[in-house]
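The values are calculated or read from the model by the stated rules, or taken from the named source; none is laboratory data. Here the structure is a predicted model, which means the values were calculated and not measured. Methodologically, a virtual Cβ is constructed for each residue, glycine included, from the backbone with ideal geometry; neighbour enumeration extends over all protein chains shown. Just the protein is used for accessible areas: all its heavy atoms, side chains included, with ligands, DNA and RNA removed. Shrake-Rupley method; radii C 1.70, N 1.55, O 1.52, S 1.80 Å.
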Amino acid sequence: MQDGIAWSSDLLALARRFGAGIAVTDGVASISFRALAARAHALAHRLLADGAQPGDPVASLVANGPEAVVASYAITIAGLCEVPLNVASTDAELGWFAELVRFRRIVAPEASHARLTGLGLEPVAIGDAADALPAQPLPPAPAAAWGRINFTSGTTGRPKAIVHSHGGRWTAHLLLRATLPFPPAPGERVLLMTPFPHGSSLITYAWLETGGEVVLMPGIQEARIAPLLAAGTLPAIFAPPTVLAKLLSLFPDRRFDGVRVIFCGTQALTPDLHARAAAAFGPVVRVTYGMSECFNPITVLSPAETARAMAATDGSSGACVGWAGPGVEIGIDAETTEISLRARQLYAGIIGPDGFRARPPGGWHRTGDLGRLDDEGRLWLMGRAADVIKTGGYRVHPAEVETVLEPAAQGRALSVLGLPSDYWGEIICCVTEAAPEGWIAEAATLAEQLAKYKRPRFHLTLPDLPRNAQGKLVRARLREAILAAFVLEDGPRPRLIPRAAAD
């Protein structure tokens, strides 16, 4: 039995099985299964030509569309470690990622090569269409070799790298396929609009396995999405709550037929948003629980069970995310209610400023999320111990933003937190204690070091910030104070209105 993951053989089998069928489109450009396999293999051979070894990190910086999938497959089938980066990343963020992971090669469109070269990186072009499939597949990737790296924010305020092995990635791939609500028929479409480095890539790989077509949009574009919905031939959509809220705002009071499932996750789904989604699409929302450290599916809640859970709660008792997926163990700390996990698709280790730290074999992962298991065995999320903000489909750690903005406060206390929003999930707010004149302008200048989705939308000053007995700021109490003093006008351009003026 071969000791490895046969990514290359699997992709070639899909190419021969589905041939000229469309694999990926962004609504403008499309690529067939055969062309996807040919181009991915051609790029993989170029990446290997200078002596790269299995598990070596290679980054990619490609916008949603067919070329993002080509780059992803190429790095993976070569047995290298895929480091997918968000195209919204700033130069400072790219520099930190490269320093942390120690990659130099980065697959990217030629238009970005001058920028990347200026950062000391070695850009690799994706390449033009290849005409023929290779006669032989590339060797299997060693199961223990590094296979993919995701970034998350750590308590130090700077992102850390989460390392997954090829074997762990393959296990997650199999489990995701096994828990799809239905196997897509050849040509059946799934609509993906979130950045490819996140959940979109996982669904892409699973959906293509049976010949389904992936519609990978570069964001939520009304002109491209409206015809797909109106045609009634779009059976699946990946729409975390923030994406779902935006879709509903684009098409108010519309009813769309033909959608069989809306994959939902990454943050809590509120009963109100679920009700509005059911009115537009029917009771088709399916909830899962996932994170950077453990690929989906951690838990699964079918559309029917999601509707039942939503009908039985007002959201104040937490958000139901379902039963544990295959092979997943869930533990709840009796004192803190923090959730811990153990599963085959857990990460292999973490890279921090001090280097790589492997996860102990068989060890549990403390998620930082708070929760409970009900009498039926379903997991309910109650909050986030680490205060990670989920906004617009992105995860943002307050400490990272605070580290950048603190100079503007000139020594005063400064806190970054998320305010709840149906449209954005959470809206980033920066609050200072008795801030000096001009601090907002200074904070806006400093925030240019961050990707746009990490920048605060609101800047407030309060005489005192709430603290606990140890003198530490308490974000939950600060959030309560803000919402007691202001009314949030939600939507694409949210506003905070003083309650005195609102009344």
Practice problem: Specify whether the C-alpha gyration tensor of segment 382-503 places it in the rounded, prolate or oblate class, a ≥ b ≥ c being the square roots of the eigenvalues: rounded for a/c under 1.5, otherwise prolate if a/b is larger than b/c and oblate if not. | Solution: rounded
Quiz item: So what J values fall out for segment 419-426 if you push phi through Karplus, 6.51 cos²θ - 1.76 cosθ + 1.60 with θ = phi - 60°, rounded to Hz, Gly and Pro as x?
Solution: 9, x, 8, 5, 6, 9, x, 9
Self-check item: Two-site label geometry, ILE440 and ALA185: point separation in nm, points 7 Å out along Cα→Cβ
Solution: 5.6 nm
Exercise. Over segment 215-283, give the accessible area per residue in Å² for a 1.4 Å probe, as an integer.
Key: 38 Å²
Quiz item: Roughly how many Å is it from the Cα centre of segment 167-181 to that of segment 356-418, as a whole number?
Solution: 25 Å
Quiz item: Whole-Hz Karplus ³J(HN,Hα) for segment 397-409, in order, using 6.51 cos²θ - 1.76 cosθ + 1.60 and θ = phi - 60°, x for Gly and Pro?
Solution: 8, x, 4, 5, 5, 4, 4, 6, 8, 3, x, 5, 7
Quiz item: Going by alpha carbons, how many degrees (0 to 90, nearest 10) lie between the helix axis of 91-101 and the longest principal axis of the chain?
Solution: 60 degrees
Quiz item: Out of residues 5 or more away from TYR289 or on other chains, whose amide H comes under 5 Å of its own, with H placed 1.01 Å from N in the peptide plane?
Solution: ILE298, THR299
Self-check item: aspartates and glutamates with Cα under 13 Å of LYS160, excluding same-chain neighbours fewer than 8 positions away
Solution: GLU93, GLU99, GLU293, ASP354, GLU400
Self-check item: Magnitude of the charge dipole, the chain, Cβ model with Lys/Arg +1 and Asp/Glu -1, debye to 20
Solution: 420 debye
Exercise. Could I have the simple spin-label model distance between GLU448 and SER112, label points 7 Å from Cα toward Cβ, reported in nm to one decimal?
Key: 2.1 nm
Quiz item: What percent does the relative contact order of the chain come to when contacts are Cα pairs within less than 8 Å and at least six residues apart?
Solution: 12 percent
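Tell me which trypsin sites (Lys or Arg not before Pro) from segment 443-501 have a DSSP coil assignment and no more than 12 other beta carbons within 10 Å of their own. Don't skip to the answer; put the middle values down first.
Working: sites: LYS452, LYS454, ARG457, ARG467, LYS472, ARG475, ARG477, ARG479, ARG495, ARG499; in loops: ARG457, LYS472.
Qualifying residues, ordered by number: LYS472.
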Quiz prompt | Relative packing of peptides 77-83, 296-302 - highest average C-beta neighbours within 10 Å first | solution = 77-83, 296-302
Quiz item: What percentage of the solvent-accessible surface of the chain, computed with a 1.4 Å probe over protein heavy atoms, is contributed by carbon and sulfur atoms?
Solution: 53 percent
Quiz item: Against the longest alpha carbon principal axis of the chain, how many degrees, from 0 to 90 and to the nearest 10, is the axis of helix 475-485 turned?
Solution: 60 degrees
Quiz item: Looking at the square roots a ≥ b ≥ c of the eigenvalues of the Cα gyration tensor of segment 150-228, which shape do they give, rounded for a/c under 1.5, prolate if a/b is larger than b/c, or oblate?
Solution: oblate
Exercise. Obtain the nm distance between the two label points defined at GLU480 and ALA275 by a simple spin-label model: each point lies 7 Å from its Cα along the Cα-to-C-beta direction.
Key: 2.6 nm
Quiz item: Contour minus end-to-end for ARG359 and ARG493, with contour as 0.36 nm per residue of separation and end-to-end as the Cα-Cα distance?
Solution: 44.1 nm
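If you count, for each residue, the other Cβ atoms within 10 Å and average over each peptide, how do 121-130, 223-232 line up from highest to lowest?
121-130, 223-232
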Quiz item: ILE5's amide H: which non-local residues (gap 5+, or another chain) put their own amide H closer than 5 Å, with H modeled 1.01 Å from N in plane and none for Pro or chain starts?
Solution: ALA141, ALA143
Practice problem: Counting only heavy atoms of the protein chains, get the accessible area per residue of segment 28-152 (1.4 Å probe) and round it to a whole Å² value. | Solution: 38 Å²
